[in-house]
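This report concerns only the one structure given below.
Each reported figure results from applying straightforward, stated rules to the coordinates on display, with no laboratory input. On a predicted model such as this, the values are computed, not experimentally measured, just so you know. We place every Cβ from the backbone using ideal geometry, glycine too, and count neighbours over all the protein chains shown.
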Amino acid sequence: MIKDQDFLKAKAVYCLDVAKKIGASDASVTIGHSISETVNFRNKNLDESNRSDGLAFSIDTYIGKKKSSISSSNLLNENLDILIEKCYETTKITPDDEFNSLPDKNLLADKLKDLNIYDNTHIDNDKKIHYLKELENIASEDKKIINTESSFTEKKTNFILANSDGFCSGYKTSSFTTSCVAVAKDENSMERDYEYSSKRYLDDIKDPQALGKLASDQTIRKLSPKKIGSEKLSVIFDKRIAKGMLSAFASAISSSAIARGTSFLKDKINEQIFSNSINIIDKPDIIKGLGSKNFDSEGVKSETLNLVQEGVLKNYFVDSYNGKKLNLQSNGRSGGSTNLYFENGKQSYDELLKTNSKCIYITETIGHGSNLVTGDYSVGATGFLVEDGEFKYPINEITIAGNFKDMFKNIFLANDLDFEYSTNSPTMMIEGMTVAGK
Amino acid sequence: MSNFFNKSDLARKDAENIVSNTLKNCDDGELYLEDSKSESIVLDDNKIKSSNYSSDLGFGFRAVSDQVVAYSYSNEISKDSLKSSSENLQSTLKSVKGTYNNEIPKTNKKFYSDINPIEQKSLNSKIEVLNKVNDYLRKKDGSVKQVTANFLGEHKSVEIIRSGGEAITDVRPLIRFNVSVMLEKNGRKETGVYGIGGRQSYDNYLQNDNWKSVCEEAFRIASVNLDSKPAPAGEMKVVLGPGWPAILIHEAIGHGLEGDFNRKKTSAFHNLMGQKVASEGVTIVDDGTIDNRRGSLTIDDEGTPTERTVLIENGILKNFMQDRLNARLMNTRSTGSGRRENYRHVVLPRMRNTMMLSGNQTQDEMIKSVDKGIFAVSFGGGQVDITSGKFVFNCTEAYEIINGKIGSPIKGATLIGDGPSILKEVSMVGNDMMLDPGIGTCGKAGQGVPVGVAQPSILIDKMTVGGTKL
């Protein structure tokens, strides 16, 4: 059973009391508990079961403008006493930093909305096994599929965040995640692909047949890929890849990167960084949203942010520390984005595919090729060659490269947005990227 | 060495009994106990940005029957907690009829000492070094706009209790020291990163003001990149420098030779044992036994002593890297490659220090032989698709080669290749094998473990460079 709020609150209050008693001027503590159960299947047989049950504690202690932190998984009071004392002693010898402080009291979340992010349903392992059997039966139907691995994870968490200014709040969350990775083989190649479904509520996850079929189809269509020549082309990013552009954007507008001067988007507020058809929103209160939250990791209330309006950058993601450095108020984004998305574009998916007589459609990228200081981007890619809106053949062992500053201005979006992940994009096309192959 | 039972209501004898009873009819399994302390001290933007300490204690209990693994962990070492884990394992493995293999090889060698690096250097003196790094770099050149430096230290005690009560222990120190510098000149910004580390005390790595050479190297890489031109796009010859660029070997070859992917036949290498997978002259080993190296281990996380495993000898595929489970199912022996990030994770076959051994050519000969290509000196991270064999890595310092001469530096670009065929494209192997400076972390199935790499300079005849210049 997941620990209840009273247990976590009592621990948090205990930690704050100890910290105050030994001399900390301020303190902030997080106590969390999570339980997860996973069942893995391989080729229609049970492969692994995994149960985890973990408590976590972390505390920041302040002495004026000095700050230090400690974390542990051992919540016995005698251990907490020792660690908080150690944290306090470390704080004493840590140099002052004028920007260290608890968040402004008037920004703290007061009322919690019910975001429907906790489903109390428990699905026992036998039922998980039943789901995975059905899934793998479909996924392995085609003879070209030589291996399937699937998994079902149920996770419940609860936490309390409390600080010495009187903030004390937390809530439960749940997630149910199922996935399938398939391997297909023909005389020319062996390929792997996947599909997954992750939801707050058990009833919302994809049905096993649909998920298994998608994993299988997506893998088989990658067989016998070709390598294409090097040229400038329009690149279409499948939704599951397109959201990566938003993640790079989110990192580049984090107040820490801005304050340190290590982002290519520094000093770009109120400047046109995308074409004027682009709007980007971060909305923390989507019902059942995978990124939904009432407050950030400091307790600051999170509200909807219009980050980009008609292509113009309007906001950074600001936390308390970097906000003070930049003379900006925290907007409740310590820890980053919530539910981040591009608004829909005007064209349909088919129209986007037909925009150019020749383009490539990317379903997977590999490598860590985003440089957020310079904006340079270069990653390995696999996908398909598309001519006149039709998928011609699979391609691999190519790279796609450009610079975010140019790429952002050349983004075109389809109107097929949905909320499968915490960060979501419609299908995306970027014109004029360099494709390197043969 | 931690005593896991002195502050618990769980006596060692009770634990041994629960383990033996739970694993009675299983093929394998163990109780893994871990006590780890870690610290991170970061200087950033002219200030000590954070000083964190973490203490983590827990156990992972594993039961294996045929190919099925049941695993349960908890961070509470108590009688109740171990019993409920035992019940959880038994509920997964409803009807088991295996034979537990009590044999496990022994070792009395140790590849690092029992020190606790965190306690061996005072926080004050660590802060002092970080401040010196900041002052040194900012005074060095007006173009220095940002400096980040950090110490990471870890002290981990592990104990493995097998069915029958056999206990195997290890104490593992690990440190890392990193410097990152950002320069700005004529409106361009570039960063350079360098780090050192291994399984000794901080001061072993910081002797003779060695922090200065780490600063110099980070600064040098950033300066080179300030003058970089767009990288070329397309297939060409690539010369790799010695040392850290061996992450190419790690990604292209190493992962594909891990036992689990080959047992499942999902690796592009699974049917190539005994066959020629590399040019003659290419020998690759995975070695857990080098003193004090980041990827070295006295025993792996199943208790098996590590070894030097020959993966490819003179171009021929000789061995996969194995943990106990995959070794048993493939009728071979564990190579001491069973590793886990911590007690929260199951064991997987993993790399330790992966090295391509020296040949007899010089880097000079390689550069002179190239009409058009690139010379890659340092890399960021890499990644591989085990099944298709395609792998990438990102250059952080590279130059163009024109008519046998090193030309301008080029911007960071991704290189992409095909694992099973790339080593056949190796046409020269240098005589200058070098170990990396001790900074690698390998990710697999969500678990990060410290690893090392090494290689001499090599010439690859054909690889795709992912630049922007056609």
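Some points to look at:
- Ascending count of other beta-carbon atoms within 10 Å, so fewest first, for B:211, B:244: B:211, B:244
- The Kirkwood radius of the protein assembly as shown, taken over pairs of alpha-carbon atoms, gives through the Stokes-Einstein law at 10 °C and 1.306 mPa s a diffusion coefficient of 55 µm² s⁻¹.
- Here region A:282-371 was treated as a single set of alpha-carbon atoms; its pair distances binned every 10 Å from 0 give 14, 31, 31, 18, 7, 0 percent.
- The C-alpha atoms of chain A define a longest principal axis, and helix A:5-22 lies at about 50 degrees to it.
- Ordering A:368, B:345 from the fewest to the most neighbouring beta carbons within 10 Å gives A:368, B:345.
- Overall size of region A:5-220 from C-alpha positions, given as principal axis extents largest first: 69, 36, 34 Å.
- With R₀ fixed at 25 Å, the C-beta to C-beta distance from residue A:406 to residue A:346 puts the FRET efficiency at about 0.70.
- Global form of region B:164-239, assessed from the alpha-carbon gyration tensor, a/c cut-off 1.5: oblate
- Translational D in µm²/s for region A:1-71 (Stokes-Einstein at 37 °C, 0.692 mPa s, Kirkwood Rh from C-alpha pairs): 224 µm²/s
- Three principal axis lengths of chain A [C-alpha, angstrom, descending]: 70, 55, 36
- Whether region B:65-198 is rounded, prolate or oblate, judged on the alpha carbon gyration tensor where a/c under 1.5 counts as rounded: prolate
- Dipole of region A:166-208, positive end: most advanced residue of A:179, A:198, A:167 [Cβ charges, Cα centre]: A:167
- Straight-distance crosslink candidates among lysines, where the alpha carbon sits under 19 Å from residue B:318 and sequence neighbours closer than 8 are dropped: B:264, B:265, B:276, B:424
- Within the shell defined by Cβ-Cβ distances under 10 Å, the residues around residue B:31 carry a net charge of -1, with Lys and Arg each +1 and Asp and Glu each -1.
- Positive-end extreme of charge dipole, region A:16-147 - chosen from A:19, A:79, A:35 (charges on Cβ): A:35
- Reducing region A:314-373 and region A:243-295 to their Cα centroids gives an inter-centroid distance of 6 Å.
- Relative to the dominant Cα principal axis of chain B, helix B:123-140 is inclined by about 20°.
- Estimated [θ] at 222 nm from DSSP helical runs (n ≥ 4, -39500 (n - 2.57)) normalised by residues in chain A, nearest 500: -7000 deg cm²/dmol
- Student exercise, the protein assembly as shown dipole from Lys, Arg, Asp, Glu Cβ charges, in Debye to nearest 20: 760 debye
- Shape call, chain B: gyration tensor on alpha carbons, a/c limit 1.5: oblate
- P(r) tail fraction, region A:90-178 - alpha-carbon pairs more than 21 Å apart, %: 61 percent
- Considering only A:145, B:267, B:456, and ranking their Cα positions along the charge dipole of the protein assembly as shown that arises from unit charges at the beta-carbon of Lys, Arg, Asp and Glu, the one farthest toward the positive end is B:456.
- With a cut-off of 13 Å between beta carbons, the residues surrounding residue A:149 carry a summed charge of 0, where Lys and Arg count +1 and Asp and Glu -1.
- Order of B:470, B:137 - criterion: other Cβ atoms within 10 Å of each residue's Cβ, fewest first: B:470, B:137
- Around residue A:317: net Lys/Arg minus Asp/Glu count, Cβ-Cβ under 9 Å: -1
- Between 0 and 90°, nearest 10: helix B:211-226 axis offset from chain B longest Cα axis: 50 degrees
- C-alpha center-to-center spacing [region B:403-432, region B:95-118] in angstrom: 39 Å
- Inter-centroid distance (Cα atoms) of region B:437-470 relative to region A:140-161, Å: 29 Å
- Based on DSSP H segments of at least four residues, each scored -39500 (n - 2.57), chain B has a per-residue ellipticity at 222 nm of -5500 deg cm²/dmol.
- Long pairs among A:199/A:346; A:128/A:155; A:185/A:226; A:288/A:405, criterion Cα-Cα beyond 23 Å: A:199/A:346; A:288/A:405
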